[in-house]
Amino acid sequence: VSQSRYKQFTDNKVEFQKRKGVVYAGECSHMEDLNIIKGMDDITFAGYSMNSYYIDISRNFPNRKFINRLPLDSYMDLYNGMSMSIAQLQFNPFNECKSNLKTLESGCKGIPIICRGMSPYLNDKDKDLVLYANNKNDFEYQISKLKKDAIMRKEIGIKLQDHIKNNYNMYKINELRKQSIESL
């Protein structure tokens with residue numbers, strides 16, 4: 001993978017004061033995951049392309065916005081300008097085996113994330129830097145709290161960003177992998 005592809009994993013390109021919106025980044029495999037938050041207002045669904053998944057979202061989330069799908073080497077730009085993100089997963093064994101990718105993406109962009117309180121998001125490494133919600137009311141409460149308190153939103157975003165940079169840096173991890181292989 002070229003170094004230029006990694007350049008998208010940088011800070012949010014929009015000044016903090018101008019960031020608005022709650023982003024949900026997920027494709028059609030997440031339709032069932034969204035049932036718990038059905039009807040929530042003002043969510044931006046990222047990665048849009050016209051298909052039945054987005055038609056269903058239009059029905060289930062009347063006050064939603066869409067951001068078009070971006071190429072792989074710039075998909076992280078979907079987070080630019082957003083003030084927070086959400087990651088809702090339905091509780092099942094398959095979802096518990098997923099990664100904390102949405103936490104990493106949000107942290108790269110310096111925005112807080114609200115997740116379902118389950119693996120992969122509820123883990124010892126990240127638990128103090130992620131906000132948790134287990135039902136629609138919890139998600140709405142956490143979103144409202146962040147919208148009302150810009151200072152808290154900024155602080156949580158910065159702390160998450162620092163945490164991701166210090167604990168999930170792919171250059172550092174790849175160097176450790178290389179050293180481990182070379183030591184064999």
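The values are calculated or read from the model by the stated rules, or taken from the named source; none is laboratory data. Just so it is clear, the structure is predicted and the values come from calculations on it, not from any experiment. Positions of Cβ are generated from backbone atoms using ideal geometry, with glycine treated the same way; all protein chains shown enter the neighbour counts. To get the accessible areas, we keep the full protein, side chains included, count just its heavy atoms, and leave off ligands, DNA and RNA. Shrake-Rupley method; radii C 1.70, N 1.55, O 1.52, S 1.80 Å.
Quick notes
- When peptides 44-51, 94-101 are ranked by their average number of other Cβ atoms within 10 Å per residue, the highest-first order is 44-51, 94-101.
- Values of log10 I(q)/I(0), in the order q = 0.14, 0.24 Å⁻¹, for segment 112-184 under a Debye, Cα-only, solvent-free model: -0.56, -1.08
- Amide proton proximity set for residue 87, modelled H, under 5 Å, gap of 5+: 114, 115, 116
- Heavy atoms of residue 149: accessible area, 1.4 Å probe, square angstrom to 10: 60 Å²
- Translational diffusion of segment 94-143, estimated by Stokes-Einstein from the Kirkwood radius over alpha carbon pairs at 4 °C in a medium of 1.567 mPa s, is 116 µm² per second.
- Solvent-accessible surface (1.4 angstrom probe) belonging to residue 69, in square angstrom, nearest 10: 120 Å²
- Rg and Dmax of the chain, Cα atoms only, in Å: 16.6, 57
- Volume of the Cα convex hull of segment 27-122, divided per residue and given in Å³: 102 Å³
- Partner lysines for residue 145 [C-alpha distance under 22 Å; skip if fewer than 8 residues away on the same chain]: 18, 20, 38, 65, 102, 109, 127, 136, 154, 159
- Here the sum of -39500 (n - 2.57) over DSSP H runs of 4 or more residues, divided by the residues of the chain, equals -11000 deg cm²/dmol at 222 nm, to the nearest 500.
- Under the Karplus curve 6.51 cos²θ - 1.76 cosθ + 1.60, θ = phi - 60°, whole-Hz ³J(HN,Hα) for segment 76-82, x wherever Gly or Pro sits: 5, 5, 4, 7, 4, x, 8
- Percent accessible area from carbon and sulfur atoms, the chain, protein chains only, probe 1.4 Å: 53 percent
- Net charge of Cβ neighbours under 13 Å - reference residue 56; Lys, Arg +1; Asp, Glu -1: 0
- Residue 124 accessible area, assembled protein chains, probe 1.4 Å, Å²: 130 Å²
- Relative contact order of segment 7-122, defined on C-alpha pairs under 8 angstrom at six or more residues apart (%): 32 percent
- Crossing angle, helix 136-148 versus the chain [Cα axis fit, 0-90 degrees, rounded to tens]: 80 degrees
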